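Reading through the structure tokens given below for one structure.
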Amino acid sequence: MKNSVHILIFLASMLFLISCGDDTCNLETETFLKVELHTADTNLVNEKFLDSLSIFSSEWSDSIYYSEEKDDSSLSLILSPNSEITEFIFTSETEEQKDTLKIYHQNETVFLSPECGFIVNYKIDTFISTYNIIDSLKLLNGNISSNKDGEIQIYF
Amino acid sequence: MAIYQVIKMEKYKYIFSLLISLLAFSYSFAQDDEFYADEKVKEPLLLKGIKFGVNVGRFSDFQFKPDRSSYEASFDFNLNNKYFGVIEGGYSEIAIEKDKYNLNSEGTFIKIGFDYNMLKKWPTDFLGIGLRIGRSDFSQSADNIEIDLNHWGNYSSPSITKSFDAYWFEASFGVKGEIFKNIYLGWAGIVRVQLSGGKDADFQPYDIPGYGTGSKSLHLAVNYYIYYQIPFNRK
């Protein structure tokens, strides 16, 4: 009788081994450089420069349009995972000239979680830009990870 | 008013019962202390058996976690069926194939500690607590890593391999019953607390052999063992 009780308790407790796992990724798997856009020039404001602003990279097959992507006068860019230099070109239908922003960064492949897999984090070392329509730039946060976006301010 | 008095009476009855229970509990502990004090004087520590065990819970991985295989064995020496010196060790291997990456982990672990049997009535069985210090050495690698990024498309990252060690402390509460002569079945609920190692900001271990999920500093587990005991000095 005592042995049967032992075996029953043992087998019943084995049921705890059967557990269900959730294989869904609930985390952000892209890491962003948040770009705040400010227009100080009244001519640009009057021309609604930002509404026709688009950003693209020579390696992309598409562009980002401020009018579509804007969120509180900012938009989010992803740096290149293939290279340690990312080039963005800023252009607007209201302006003949364009500007090129070149960002130098380090890339780090990071294991986010078993469900989400790997992501790329970035650390911005420096940047250079042309200043045709851009007036100034200010890097606020150069460490880009899934926990925190990078942050740069661009003044036109 | 009558209802209020009944409630009041019931309350006093509960308080009285609680006090009696507490007194009885304290008295039984006092008796235990006397019992153990006498026993310590009367009974010298004697080797009553050496147990070899296999963690059969690990075999369930073949059914429920086909991407891992792990083995764990235990050795303990039994002093008066009250104190047990314990050494446990094992090996774990994980091979996960996902759409966006493959992950492999392989390593060994060892745990050293003791168990204390709180049972007095059945001298061959066990119901008690255990404490262990564990160490694991393992490596983890990932390949075929692909990351989908908006605008940039699919990025293939180079393979990653890293070696780790990890230390943890564990406390357990469990039972072992002698189902046939010298054959025991047992299970234990375990709390593991990670002490050091086993962390990496970029490539966090998926699993620490012998410990569990690498990202958790506190881990709960259940072990299921079957043992064979070589008896010594058994009456």
*Of the residues in region B:182-201, how many are under 23 Å from B:Val54 (Cα atoms) and not β-branched (Val, Ile, Thr)?*
8
*Out of (1) open to solvent by less than 70 Å² (accessible area, probe 1.4 Å); (2) closer than 26 Å to A:Leu79 by Cα; (3) more than 11 Å from chain A (Cβ to nearest Cβ), the odd one out for B:Ile160 is which?*
(3)
*Restricting attention to region A:65-82, does a residue exist that is surrounded by fewer than 19 Cβ atoms within 10 Å (Cβ to Cβ), within 14 Å of chain B (Cβ to nearest Cβ) and more than 30 Å from A:Thr24 (Cβ to Cβ)?*
yes
_Whether any residue in region A:130-142 is crowded, with 18+ Cβ neighbours inside 10 Å, outside any loop (DSSP other than H, G, I, E, B) and among the β-branched types (Val, Ile, Thr) is what I want to check._
no
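Of a type in the set (Ser, Thr, Tyr), in a strand (DSSP E or B) and surrounded by fewer than 16 Cβ atoms within 10 Å (Cβ to Cβ): which single residue out of A:Thr109, A:Thr126, A:Thr86, A:Thr91 fits that description?
Exactly one residue qualifies, and that residue is A:Thr126.
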_For region A:115-137, which positions are farther than 16 Å from A:Glu28 by Cβ and touching a residue at least 40 places away in the same chain (Cβ under 8 Å)?_
A:Ile124, A:Ile133, A:Ile134, A:Asp135
*Qualifying positions in region B:124-149 - open to solvent by 20 Å² or more (accessible area, probe 1.4 Å) and hydrophobic (A, V, I, L, M, F, W, C)*: B:Leu127, B:Ile129, B:Leu131, B:Ile133
*Which of the residues belonging to region B:184-195 are modelled with pLDDT of 95 or more and either closer than 22 Å to B:Ile160 by Cα or open to solvent by 40 Å² or more (accessible area, probe 1.4 Å) (or both)?*
B:Val191, B:Val193, B:Leu195
*May I ask you to list pairs of residues, at least six apart or on different chains, whose Cβ atoms are under 6 Å apart, with the first in region B:149-161 being farther than 14 Å from A:Asn121 by Cα and touching a residue at least 40 places away in the same chain (Cβ under 8 Å) and the second being assigned to a strand (DSSP E or B) and open to solvent by less than 30 Å² (accessible area, probe 1.4 Å)?*
B:Ile160/B:Ala142
_Residue tally, condition within 13 Å of chain A (Cβ to nearest Cβ) and in a strand (DSSP E or B), over region B:165-197_ = 16
_Any residue that is within 30 Å of B:Glu97 (Cβ to Cβ), within 12 Å of chain B (Cβ to nearest Cβ) and modelled with pLDDT under 85 - is there at least one of those in region A:29-50?_
no
*Consider B:Leu131 against the criteria (1) facing chain A (nearest Cβ under 10 Å); (2) among the hydrophobic types (A, V, I, L, M, F, W, C); (3) under 30 Å from B:Val222 (Cβ atoms): it satisfies all of them except one. Which criterion is unmet?*
(1)
*asked:* From the list B:Ser74, B:Ser105, exactly one residue is within 14 Å of chain A (Cβ to nearest Cβ), touching a residue at least 60 places away in the same chain (Cβ under 8 Å) and either open to solvent by less than 60 Å² (accessible area, probe 1.4 Å) or not small (Gly, Ala, Ser) (or both). Which is it?
replied: B:Ser105
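Regarding A:Asp149, is this residue among the acidic types (Asp, Glu), open to solvent by 50 Å² or more (accessible area, probe 1.4 Å) and under 14 Å from the mean Cα position of the chain (by Cα)? Steps first, please.
Values: among the acidic types (Asp, Glu): yes; open to solvent by 50 Å² or more (accessible area, probe 1.4 Å): yes; under 14 Å from the mean Cα position of the chain (by Cα): yes.
Criteria met by A:Asp149.
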*Which condition does B:Pro209 not pass, out of (1) under 16 Å from B:Asn55 (Cα atoms); (2) facing another protein chain (nearest Cβ under 10 Å), if it passes all the others?*
(2)
*Test: A:Phe90 is within 18 Å of A:Phe156 (Cα to Cα), away from chain B (no Cβ under 11 Å) and touching a residue at least 24 places away in the same chain (Cβ under 8 Å)*: yes
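The values are calculated or read from the model by the stated rules, or taken from the named source; none is laboratory data. Just so it is clear, the model here is predicted, and its values are computed rather than measured. Here the Cβ is made from the backbone with ideal geometry for all residues, glycine too, and neighbour counts use every protein chain on show. We work out accessible area using only protein heavy atoms, side chains counted, and drop any ligands, DNA or RNA first. Shrake-Rupley method; radii C 1.70, N 1.55, O 1.52, S 1.80 Å.
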